1. Inside the stretch 67-90, can you point out the residues that are loosely packed, with under 15 Cβ neighbours inside 10 Å, of a type outside the set (D, E, K, R) and out of contact with any Asp or Glu (no Cβ under 6 Å at 6 or more places or on another chain)?
2. For S9, only one of the following conditions fails: (1) over 25 Å from the mean Cα position of the chain (by Cα); (2) outside any helix (DSSP H, G or I). What is its number?
3. Quickly run through the stretch 44-58 and pick out the residues that are in a helix (DSSP H, G or I) and of a type in the set (A, V, I, L, M, F, W, C).
4. Going by the structure shown, is K28 of a type in the set (D, E, K, R) and either touching a residue at least 40 places away in the same chain (Cβ under 8 Å) or at positive phi (or both)?
5. Considering only residues that are surrounded by 14 or more Cβ atoms within 10 Å (Cβ to Cβ), more than 25 Å from N48 (Cα to Cα) and of a type in the set (A, V, I, L, M, F, W, C), which ones fall in the stretch 9-36?
6. Given the residues K41, K64, which is the only one that is surrounded by fewer than 16 Cβ atoms within 10 Å (Cβ to Cβ), modelled with pLDDT of 90 or more and in a helix (DSSP H, G or I)?
Amino acid sequence: MKSELIKISKVKSNPDNPRLIKDNKFHKLVKSIKEFPEMLKIRPIVVNEDLIVLGGNMRLKACKEAGLKEVPIIKVSELTAKQQREFTIKDNVGFGQWDWDMVANEWDSELLNEWAMDVWQPETEVDYSILDDEDVSSELSDMTDGVKKAIQIEFEAEHYEEAQQLVKFWRDSGAYIGAMIIEYLKAEKNKL
């Protein structure tokens, strides 16, 4: 398939595309298009015969925001309506995983953040010393009554997806996962 350059006003956003990029990430996408427009030639917007976007809805929006008058597109005509809907989702699904060790050691995190990749950034120092002279314990107690809290549990990469699916299953079933974990951990501790 060959790409072609077309007036941006002719390309129509896909109202059925559930993919969104909001606020800061959207502004970073606009910036990246302004700074690296060649990216669009390498990865054109995919449209159907009616020029409705199948892949690149947010890129189209960002191109409009960036003030582009034309965009490269690839027009597909051989897909059924069902295949077009499937493409819209599959084009936006991130298959694969990041090698976080390589990302951390071989790439500049500030640059990756600029490129809209979610990476760890050092937290800003917060000065809590103003609270030292105040007794806010009763207010905090009132605020935390009935509030759920979370504990982060680490998983090896090969177990993460399975753990995520199990948590989703139990949440969807209405189970209180925290109590399940506590009971299991107590039972294991008693075996020691």
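1. Scanning the stretch 67-90 gives G67, T80, A81, Q83, I89.
2. (2)
3. Within the stretch 44-58, the first condition is being in a helix (DSSP H, G or I), and the residues that meet it are 57-58.
Within the stretch 44-58, just M58 meets the criteria.
4. yes
5. Within the stretch 9-36, none qualify.
6. Numbers: K64 fails: surrounded by fewer than 16 Cβ atoms within 10 Å (Cβ to Cβ).
Criteria check complete, one pass: K41.
The values are calculated or read from the model by the stated rules, or taken from the named source; none is laboratory data. From a predicted model like this one, the values you see are computed outputs, not experimental measurements. Reconstructed Cβ throughout: ideal geometry from the backbone, glycine too, with neighbour counts over all protein chains shown.
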